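Enquirer: The following block contains the structure, expressed as structure tokens.
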Amino acid sequence: MLKTLKICAAVAAATLVATPVFGADFPTKPIKLIVTAGAGGGEDTEARAIAPFVEKHLGQQVVIENQPGAGGKIAFEKFQNVTPDGYALITYTFPKSVIIEYQGKTGFKTRDFTPIFAWSRSSQVLVVNGESWKTFQEFLKAAKEKPLSGGLSGRGSTTHLMGLIALDELGIDKVNWVPYEGSAGSIAALAGKHLDFTMSLATSAVALIQAGKLRPLLLFSDKRDPHFPDIPVPKDLGYNMSFIPTLRGVEAPPKTPADIVTILEAAFSKAAQEKGFIDIAAKRKMVLEPVGSKEFARAVADVYPKIAKFQSMLTSK
Amino acid sequence: MDVLLQAIAFVLQWQNLAALAGGTVYGIIIGVLPGLGPSAGMALAIPLVMTWHPATALIFMGALYKCSNYGGSLTAILVNTPGDASNAATILDGYPMCQRGMGGVALGLSATSALVGGTIGMICLIYAAPFLADFALEFGPAEYFLTAVLALSLIAAVVQGATIKGLIAAGMGLLLSTVGFDVIAGHLRYTFDWAPVEDGIPLIQALVGLFAVTQALVLAESAASISRLAELSGSFWEGVRTYFRHPLIMVRASLIGLFVGILPGVGQSSAGLLAWADAKRVSKHPETFGEGEPVGVIASETATNSCMPGDLVCTIALGLPGSVGAAVFLGVMIIFGIVPGPLVFMNQPEVIYSLFVALFLTSFLIFIIGMTVARRLAVVTLLPNNVIVPLILVVSLLGSFAIRNEMADVFISLAFGALGYVMLKGGFTPIPLLLGLVLGEMVETNYHRALLISGGSYSIFYASVICKILILLTILSLVGPYLGPFWKTLTQGEK
């Protein structure tokens, strides 16, 4: 044991003295993973769930640092100027950073960040009270007759954005959007019949859906959710719709060297395939879907025009 | 109730009792440390309990979550620093009691409040959770708006005696509550492009400023110690006895705490403040509140402790968390394979009822810890100011920083410290400001939500039965203080 330690120390000392920062020797010290929300939320839980497995594949400690505030804006602004040596990474729910860019003045641009890897994807679902419309067609008919009230987990949230896209593509003229802070409020209001429908992540409403108090009518995705196989997607009902992908993943600061990105991407991608991580993901009903660095970058580029189209509607007139 | 007996037997196994005790102690420590709330405490403890039996792990987490509040009340009473936002009202009378050398009594009150408030809250949770959850769902935006208005009407009671200054402070609080992202319209208001306030004025940081920093400035003026007397008078047991001399306050505060806890849309931090204001309103000597009135501590601590089980009602019965702490607890439950919701009482009753039994027992454990260990902490109030003042400042500002790892928050605390000092010297109390700050957003956002739903029609505000009751209560709360004397003159005639 002591011998191993000595060898480790010698090797570490040797690398420190001998080489400048060079991809092949990465990483030689603990890596900081910034979470753009407080300890205990969804982003934080997923980061803490994957971190031990990333440690295993990188051979270095992964230290979580929570930087909540202004929906993550504070963290993004600081992250823009972090040295791109791969020792500081950020994890958040994409595309919230892009929405923040469109909501006010920002110094950062999400498209400048270096995408590493995303492990999970989530989609919005349209839910109604269990005692109201039985099918999506019935709902659509009612929605076209008079404006319904629809709950959102926040103005300018991804639920809002997806709601606006759906309205546009389904030909519904008007909805009275009612923004809440977080999904719990909008779901409670729907369960108490104060709202006509709510846009939310399926995972946020799962308890009341299972109990039959709420009914999911449509999942905004191109394929069904394995945890909720009964919820139809637009394709099943004959609609051709575009979606805003919601990804949980990790990014490096702007201009991170490609060899470091490769090492990190490999470590995160292997970590996401570990049984221990998959078990936690199943309990949290996360939809695991590996998105590599290049594909992640494409998703970032694709989302800008979609959000730009609805920019004016993200804030009220 | 077979399942309840099974749960009791399960909790009494040694490893579960150990988890219960461990969670309680860890929770109290988390509560004492500024900047570390129950959410961070639970998140940090997840790796520790990951390999445990799910029910044992939940007992640990539940105890941690429930007891952190008691730790916060210790610092609130002894060094004028709220451990969490929910302890704000405890400071108002708890700390002045320390200044009068009655720190031991205040600690006795707080431990007894944890016992009684926690027990009443838990009994309601165990026997009526599904019913209470259905009641909570009846509250839509209009009902929330009227609840907030009813709560604001308590300001009238708080400011009695110094009405103008009180209303100025309340107005300032309401104004400050508008800072940040406007949830309804999606605009940033009064942030001057400064990101740290985009979520609104951070509450704990503001409280640290208003109380800890302000008080440090006041203490720095004199060379004595917090307790103005050289020795402590009154004991822990005197606190316990005082508590049971006020059964009416006990019931009122428990119900207020429970009510605030059950409604997911009402900020948990307001429970203590509202119970405190309510106790002041019904008191025969309201002028003593804020000067070290034991009843003030009883009201605020009892409400805070019954609020937490209330908070768990919707979290467990509907899967809808009403606070950040509850959201984290929900996440913990899911990781251990328990899906809270209407079906949990049927699918996994043994886990849920063991959790309930354990939480019930934590109240007694807190009381024992208060009786044996915590009461000795009162001696810190005898430390000379040149030792305690730098200590309070450093620890509280560190806590302010630690919440978001954000230096700007330290400056926010210092700014509120300066504001608090100026207010104090000008004869303003910070309570109306706090009530305004805590309730402002609830009033505003729910007013807008209600009108968005009704399409602009104001009839939504008096459509439901609950709305009508709330309006009636608000009117009573406002004119109540004048009715008594009016009735007297009416019946006795003029003399």
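The values are calculated or read from the model by the stated rules, or taken from the named source; none is laboratory data. This structure is a prediction, so every number in the text was calculated from the model and none was measured. All Cβ positions, even for glycine, are placed from backbone atoms using ideal geometry, and neighbour counts span all protein chains on display.
Enquirer: Name every residue in the range B:79-103 that is assigned to a helix (DSSP H, G or I) and small (Gly, Ala, Ser), in order of residue number.
Expert: Matches in the range B:79-103: B:85, B:86, B:88, B:89, B:94, B:103.
Yes/no per residue for (1) under 30 Å from residue B:225 (Cα atoms); (2) of a type in the set (Phe, Trp, Tyr):
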residue	(1), (2)
B:313	no, no
B:321	no, no
B:328	no, no
B:334	no, no
B:349	no, no
B:355	no, no
B:360	no, yes
B:369	yes, no
B:372	yes, no
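Enquirer: For the range A:222-249, how many residues are under 15 Å from residue A:202 (Cβ atoms) and touching a Phe, Trp or Tyr at 6+ places or on another chain (Cβ under 6 Å)?
Expert: 1
Enquirer: Scan the range B:22-49 for residues that are within 14 Å of chain A (Cβ to nearest Cβ), part of a helix (DSSP H, G or I) and more than 23 Å from residue B:357 (Cβ to Cβ) and jot them down.
Expert: B:39, B:40, B:43, B:44, B:47
Enquirer: Could I ask something else about it? Which of (1) modelled with pLDDT of 85 or more; (2) farther than 29 Å from residue B:420 by Cα is the odd one out, the single condition residue B:186 does not satisfy?
Expert: (1)
Enquirer: Hey, does the range A:156-165 have a residue that's in a strand (DSSP E or B) and more than 19 Å from residue B:317 (Cα to Cα)?
Expert: No, the range A:156-165 has no match at all.
Enquirer: Here is a further query. Look through A:132, A:120 and report the one residue that is small (Gly, Ala, Ser), outside any helix (DSSP H, G or I) and either at pLDDT below 90 or within 18 Å of the chain's Cα centre (by Cα) (or both).
Expert: Details: A:132 fails: either at pLDDT below 90 or within 18 Å of the chain's Cα centre (by Cα) (or both).
A:120 is the lone residue from the list that is small (Gly, Ala, Ser), outside any helix (DSSP H, G or I) and either at pLDDT below 90 or within 18 Å of the chain's Cα centre (by Cα) (or both).
Enquirer: Continuing with the same structure: Restricting attention to the range B:415-428, does a residue exist that is more than 14 Å from every other protein chain (Cβ to nearest Cβ), under 16 Å from residue B:148 (Cα atoms) and free of Cβ contacts under 8 Å to residues at least 40 places away in the same chain? Don't jump to the end; show me each part of the working.
Expert: As a first pass, look at the range B:415-428 and keep what is more than 14 Å from every other protein chain (Cβ to nearest Cβ): B:415-428.
Now narrow it down to the ones that are under 16 Å from residue B:148 (Cα atoms): none.
No, the range B:415-428 contains no residue that is more than 14 Å from every other protein chain (Cβ to nearest Cβ), under 16 Å from residue B:148 (Cα atoms) and free of Cβ contacts under 8 Å to residues at least 40 places away in the same chain.
Enquirer: Scanning for something away from chain B (no Cβ under 14 Å), small (Gly, Ala, Ser) and within 17 Å of residue A:303 (Cβ to Cβ), does the range A:124-137 turn up at least one residue?
Expert: Within the range A:124-137, not a single residue is away from chain B (no Cβ under 14 Å), small (Gly, Ala, Ser) and within 17 Å of residue A:303 (Cβ to Cβ).
Quick grid of which residues meet (1) at pLDDT below 85; (2) in contact with a helix residue (DSSP H, G or I) (Cβ under 7 Å, 6 or more places away or on another chain); (3) more than 7 Å from chain B (Cβ to nearest Cβ):
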{"residue": "A:36", "(1), (2), (3)": "no, yes, yes"}
{"residue": "A:60", "(1), (2), (3)": "no, no, yes"}
{"residue": "A:65", "(1), (2), (3)": "no, no, no"}
{"residue": "A:68", "(1), (2), (3)": "yes, yes, no"}
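Enquirer: Now for a separate question. Any idea which of (1) part of a loop (DSSP other than H, G, I, E, B); (2) hydrophobic (A, V, I, L, M, F, W, C); (3) within 30 Å of residue B:210 (Cα to Cα) is the one residue B:52 doesn't satisfy?
Expert: The single condition residue B:52 does not satisfy is (3).
Enquirer: Scan A:260, A:244 and give me the residue that is surrounded by 17 or more Cβ atoms within 10 Å (Cβ to Cβ) and in a loop (DSSP other than H, G, I, E, B).
Expert: Values: A:260 fails: in a loop (DSSP other than H, G, I, E, B).
One residue alone meets the criteria, A:244.
Enquirer: Residue under question is residue B:369, and the condition is that it be within 20 Å of residue B:6 (Cα to Cα) and crowded, with 17+ Cβ neighbours inside 10 Å; does it hold?
Expert: Numbers: within 20 Å of residue B:6 (Cα to Cα): no; crowded, with 17+ Cβ neighbours inside 10 Å: yes.
Against the criterion (within 20 Å of residue B:6 (Cα to Cα) and crowded, with 17+ Cβ neighbours inside 10 Å), residue B:369 does not qualify.
Enquirer: How many of the residues in the range B:138-194 are within 14 Å of chain A (Cβ to nearest Cβ), farther than 29 Å from residue A:313 by Cα and part of a loop (DSSP other than H, G, I, E, B)?
Expert: Summing the residues that are within 14 Å of chain A (Cβ to nearest Cβ), farther than 29 Å from residue A:313 by Cα and part of a loop (DSSP other than H, G, I, E, B) in the range B:138-194 gives 1.
Enquirer: Can you find even one residue in the range B:41-54 that is closer than 21 Å to residue B:202 by Cβ, without any contact (Cβ under 8 Å) to a residue 60 or more places away in the chain and out of contact with any Cys (no Cβ under 7 Å at 6 or more places or on another chain)?
Expert: For the range B:41-54, residues closer than 21 Å to residue B:202 by Cβ, without any contact (Cβ under 8 Å) to a residue 60 or more places away in the chain and out of contact with any Cys (no Cβ under 7 Å at 6 or more places or on another chain): present.
Enquirer: Return the residues of the range A:154-174 that are in contact with a helix residue (DSSP H, G or I) (Cβ under 6 Å, 6 or more places away or on another chain) and either within 15 Å of residue A:201 (Cα to Cα) or within 14 Å of chain B (Cβ to nearest Cβ) (or both); say none if nothing qualifies.
Expert: Matches in the range A:154-174: A:156, A:164.
Enquirer: With the checklist (1) at pLDDT 90 or above; (2) within 13 Å of another protein chain (Cβ to nearest Cβ); (3) part of a loop (DSSP other than H, G, I, E, B) in hand, flag the one item residue A:149 doesn't pass.
Expert: For residue A:149, the failing item is (3).
Enquirer: I've got another one for you. When you look at residue B:366, is it under 20 Å from residue B:19 (Cα atoms) and either part of a helix (DSSP H, G or I) or at the interface with chain A (Cβ under 8 Å from one of its Cβ atoms) (or both), yes or no?
Expert: Spelling it out, residue B:366 is indeed under 20 Å from residue B:19 (Cα atoms) and either part of a helix (DSSP H, G or I) or at the interface with chain A (Cβ under 8 Å from one of its Cβ atoms) (or both).
Enquirer: Right, something else. Across the range A:173-205, what is the total count of residues that are surrounded by fewer than 24 Cβ atoms within 10 Å (Cβ to Cβ), in contact (Cβ under 8 Å) with a residue 60 or more places away in the chain and within 21 Å of the chain's Cα centre (by Cα)?
Expert: So the answer is 3.
Enquirer: Output the residues belonging to the range A:188-210 that are at the interface with chain B (Cβ under 7 Å from one of its Cβ atoms), touching a Pro at 6+ places or on another chain (Cβ under 9 Å) and closer than 20 Å to residue B:316 by Cβ.
Expert: A:188, A:189, A:207, A:208, A:210, listed by residue number.
Enquirer: Could you grab me the full set of residues in the range A:185-228 that are within 23 Å of residue B:460 (Cβ to Cβ), among the hydroxyl-bearing types (Ser, Thr, Tyr) and assigned to a helix (DSSP H, G or I)?
Expert: Once the filter is applied, which keeps residues that are within 23 Å of residue B:460 (Cβ to Cβ), among the hydroxyl-bearing types (Ser, Thr, Tyr) and assigned to a helix (DSSP H, G or I), the range A:185-228 yields only A:186.
Enquirer: Does any residue of the range B:216-223 turn out to be within 25 Å of residue B:403 (Cα to Cα) and away from chain A (no Cβ under 14 Å)? Give the steps one after another, and end with the answer.
Expert: Filtering the range B:216-223 for residues within 25 Å of residue B:403 (Cα to Cα) gives B:216-217.
Now restrict to residues that are away from chain A (no Cβ under 14 Å): B:216-217.
Among the residues of the range B:216-223, at least one is within 25 Å of residue B:403 (Cα to Cα) and away from chain A (no Cβ under 14 Å), which makes the answer yes.
Enquirer: Going residue by residue through the range B:329-349, is there one that turns out to be in contact with a helix residue (DSSP H, G or I) (Cβ under 7 Å, 6 or more places away or on another chain), more than 28 Å from residue B:36 (Cβ to Cβ) and away from chain A (no Cβ under 14 Å)?
Expert: yes
Enquirer: Only one of these conditions is not met by residue B:4: (1) touching a residue at least 40 places away in the same chain (Cβ under 8 Å); (2) buried (at least 24 other Cβ atoms within 10 Å of the Cβ); (3) in a helix (DSSP H, G or I); (4) in contact with a Phe, Trp or Tyr (Cβ under 8 Å, 6 or more places away or on another chain). Which number is it?
Expert: (2)
Enquirer: May I ask you to say which residue of B:296, B:267, B:257, B:290 is closer than 21 Å to residue B:76 by Cβ, crowded, with 18+ Cβ neighbours inside 10 Å and touching an Asp or Glu at 6+ places or on another chain (Cβ under 6 Å)?
Expert: Exactly one residue qualifies, and that residue is B:296.
Enquirer: Quick one: residue A:115 ticks every box in (1) away from chain B (no Cβ under 14 Å); (2) surrounded by fewer than 24 Cβ atoms within 10 Å (Cβ to Cβ); (3) assigned to a strand (DSSP E or B) except a single one, so which number is it?
Expert: Only one criterion in (1) away from chain B (no Cβ under 14 Å); (2) surrounded by fewer than 24 Cβ atoms within 10 Å (Cβ to Cβ); (3) assigned to a strand (DSSP E or B) is unmet by residue A:115, namely (2).
Enquirer: Let me ask another. Yes or no: the range B:458-472 includes at least one residue that is among the hydrophobic types (A, V, I, L, M, F, W, C) and assigned to a loop (DSSP other than H, G, I, E, B).
Expert: The answer is yes; a qualifying residue exists.
Enquirer: Of all residues being away from chain B (no Cβ under 14 Å) and touching an Asp or Glu at 6+ places or on another chain (Cβ under 8 Å) in the range A:273-295, which is farthest from residue A:122 (Cα to Cα)? Just the residue, please.
Expert: Among those that are away from chain B (no Cβ under 14 Å) and touching an Asp or Glu at 6+ places or on another chain (Cβ under 8 Å), it is A:293.
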